[in-house]
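The values are calculated or read from the model by the stated rules, or taken from the named source; none is laboratory data. Here the structure is a predicted model, which means the values were calculated and not measured. Positions of Cβ are generated from backbone atoms using ideal geometry, with glycine treated the same way; all protein chains shown enter the neighbour counts.
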């Protein structure tokens, strides 16, 4: 099979909407296209993917160059929720945004309430991106901050760039290495369901996040509903297809006072998912 046929095979796989049961290419065509048939047919875990090569700039440009209606609704609900729990926070609270990626609005959500915010990510390229942004984040993020300024606590932050640079601490860390009961507030946006194809790893990631928070710590977590995977700069990354019921089942083990809602849009970000899920609650005391 020539180079043009191989390119066609690659295109066919790329646009198969990542449902491997629908791929009708012959095994020979897939091999010529450069794929390992055994890897395509098995459940792939977090360690099977090239996270250090994650194209942070592509992801940021595709997802966050403008403020989408679904993100704006998530931000509104998160700001309302966190503002309502501000009075219960301890002195000098520490926040965690796990799996920050190329998205600053979860960390921004915690700026008025936390003395320090840890931004952990498992991808070396994302960590480099975060380190550059914490020094002086790009101007298009001003629109996101202005959306938060509808709430009084955020208007008290007179210089969000300076505040983020001073409070945030970027580190190359895995969600599976989170210590227990170490943070007073937390966010986890589009992480646990988007790091593996293995449901057990999804459950493990959610549990690690919940247990990393001190009892009573408020948190917000967002999930891509029923995602079948996604491409970033032409590279495929995994997902576990979850709905509100699965999210509630996982979080109920480590959290209470849960509210779980679907956030819909008429202009989907991409193919292969069914909206966004937002969960808020407080960490449960664990034995």
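Of the residues 72, 102, 79, 107, which is in a helix (DSSP H, G or I), in contact (Cβ under 8 Å) with a residue 40 or more places away in the chain and closer than 16 Å to residue 134 by Cα?
107
I'd like the full set of residues that are touching a helix residue (DSSP H, G or I) at 6+ places or on another chain (Cβ under 7 Å) and either without any contact (Cβ under 8 Å) to a residue 12 or more places away in the chain or within 23 Å of residue 175 (Cβ to Cβ) (or both), limited to segment 82-99.
Filtering segment 82-99 for residues touching a helix residue (DSSP H, G or I) at 6+ places or on another chain (Cβ under 7 Å) gives 82-83, 86, 95-99.
Once the filter is applied, which keeps residues that are touching a helix residue (DSSP H, G or I) at 6+ places or on another chain (Cβ under 7 Å) and either without any contact (Cβ under 8 Å) to a residue 12 or more places away in the chain or within 23 Å of residue 175 (Cβ to Cβ) (or both), segment 82-99 yields 82, 95, 96, 97, 98, 99.
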Restricting the search to segment 151-199, which residues are under 18 Å from the mean Cα position of the chain (by Cα) and assigned to a helix (DSSP H, G or I)? 175, 176, 177, 192, 193, 194, 199
Take residue 131 and tell me if it is in a loop (DSSP other than H, G, I, E, B) and modelled with pLDDT of 95 or more. no
